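The values are calculated or read from the model by the stated rules, or taken from the named source; none is laboratory data. Keep in mind it's a predicted model, so treat the numbers as computed, not measured. Virtual Cβ from ideal backbone geometry, glycine too; neighbours counted across all protein chains shown. We work out accessible area using only protein heavy atoms, side chains counted, and drop any ligands, DNA or RNA first. Shrake-Rupley method; radii C 1.70, N 1.55, O 1.52, S 1.80 Å.
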Amino acid sequence: MSFCGGGTASFRPWARSLPDDVELVLYCYPGREGRFTSPFARDWDELLADAVSALRGIAGRPYTLLGHSMGAWVAFDLAVRADRAGLAPPQSLIVSAADAPTRWKEDRDSPPTVRDSDEYLLDWMSANGQLSDGARADPEIMQIAVEILRADMQVMDTYRYRAGERARVPLHFLHGEEDYLDGPAATERWQQLSTAGFTSTRLPGGHFYTPAVWARLPGHVSSLRPARHEGAAAPVTA
């Protein structure tokens, strides 16, 4: 599940770093890529209803939920809602580059916000690695990028953490050592949101780590590594 303003393209290379028996399933938010003609979700509940519907297609098999940035909150809430929807829970929940959703009030007032100018939002996306220099030279691409980012921020603004909600599955928190997150504090907050075990990993780089780490991010998640047989070499990670 993607970051705010994102799609699925940046996750596709992960398929090459997954074990042979693990399939990469990409959930695309409405209003972009192959779902360009679908209206943007109007609020958080509408987005999560769409995500639950998508989850029904894979929940009959063992699965793991992974979300980056905004997607971390989507993955967390989806894990909680799966139980209510009568779906099998994920085997594990992986949240990347996001503070815990218990900080929803503080996050809503942190930059960027829907009140910021297009130019500010474009600069923010460029600084965070979401917009290439080539894209900045194309007015049509820039307009689409800003529209998608604003739509996702508006959805995020309607999120409300429901007191007491916990994921009843193992939770793994990934964060960059140069990210804007307060890593130790965020780690402690995420730890409170799982009733079935917690691990965390600090990785090189910022919000999207380093290019080498991002390209093979699943290699840093123990639940996605192939089982080791006696005498076998350890999985190679970035």
**Prompt:** Pairs, please: C-beta under 7 Å, at least 6 apart or cross-chain, first residue free of Cβ contacts under 8 Å to residues at least 60 places away in the same chain and in a helix (DSSP H, G or I) and in the range 1-23, second surrounded by 12 or more Cβ atoms within 10 Å (Cβ to Cβ) and not β-branched (Val, Ile, Thr)?
**Reply:** PHE11/LEU26; ALA15/LEU24
**Message:** Just to be sure before I move on: is ARG160 more than 18 Å from MET70 (Cβ to Cβ), open to solvent by 60 Å² or more (accessible area, probe 1.4 Å), modelled with pLDDT of 95 or more and under 19 Å from the mean Cα position of the chain (by Cα) in the structure I sent?
**Reply:** no
**Fill in**
Inside the range 137-157, the number of residues satisfying the requirement of being within 18 Å of the chain's Cα centre (by Cα), among the small types (Gly, Ala, Ser) and open to solvent by 60 Å² or more (accessible area, probe 1.4 Å) is 0
**Item:** Residue ID - surrounded by the fewest Cβ atoms within 10 Å (Cβ to Cβ), chosen from residues in the range 44-64 that are farther than 12 Å from TYR27 by Cβ and touching a Pro at 6+ places or on another chain (Cβ under 9 Å)
**Value:** PRO62
**Message:** Can you tell me which residue is least open to solvent (accessible area, probe 1.4 Å) among those in the range 91-136 that are basic (Lys, Arg) and farther than 30 Å from SER194 by Cβ?
**Reply:** ARG136
**Message:** Just checking: which of the helices (runs of 4 or more DSSP H) contained wholly in the range 87-152 hold 2 or more residues that are of a type in the set (Asp, Glu)?
**Reply:** 104-108, 118-127
**Request:** Give just the number: which of (1) modelled with pLDDT of 95 or more; (2) outside any loop (DSSP other than H, G, I, E, B); (3) open to solvent by less than 30 Å² (accessible area, probe 1.4 Å); (4) farther than 19 Å from MET1 by Cα does HIS172 not satisfy?
**Result:** (4)
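Here's the yes/no breakdown for (1) under 23 Å from PRO111 (Cβ atoms); (2) assigned to a strand (DSSP E or B); (3) in contact with a Phe, Trp or Tyr (Cβ under 8 Å, 6 or more places away or on another chain):
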residue	(1), (2), (3)
TYR180	yes, no, no
PRO184	yes, no, no
GLU188	no, no, no
ALA196	no, no, no
ARG202	no, yes, no
ALA212	no, no, no
GLY219	no, no, no
**Request:** Output the number of residues of the range 8-23 satisfying the condition of being touching a Phe, Trp or Tyr at 6+ places or on another chain (Cβ under 8 Å) and either modelled with pLDDT of 95 or more or surrounded by 19 or more Cβ atoms within 10 Å (Cβ to Cβ) (or both).
**Result:** 1
**Message:** One residue is enough: does the range 44-61 have a residue meeting the conditions in contact (Cβ under 8 Å) with a residue 40 or more places away in the chain, more than 25 Å from VAL169 (Cα to Cα) and not hydrophobic (A, V, I, L, M, F, W, C)?
**Reply:** no
**Asked** Say we look at the range 212-238 and pick out the residues that are touching a Gly at 6+ places or on another chain (Cβ under 8 Å) and at pLDDT 80 or above; which of these is surrounded by the fewest Cβ atoms within 10 Å (Cβ to Cβ)?
**Response** VAL213
**Item:** Among residues of the range 175-192, those that are surrounded by 15 or more Cβ atoms within 10 Å (Cβ to Cβ), within 12 Å of ARG202 (Cβ to Cβ) and not charged (D, E, K, R), counted
**Value:** 6
**Message:** I need the full set of residues from the range 26-43 which are open to solvent by less than 80 Å² (accessible area, probe 1.4 Å), of a type outside the set (Phe, Trp, Tyr), part of a loop (DSSP other than H, G, I, E, B) and out of contact with any Leu (no Cβ under 6 Å at 6 or more places or on another chain), in order please.
**Reply:** LEU26, CYS28, PRO30, GLY31, ARG32, SER38, ASP43
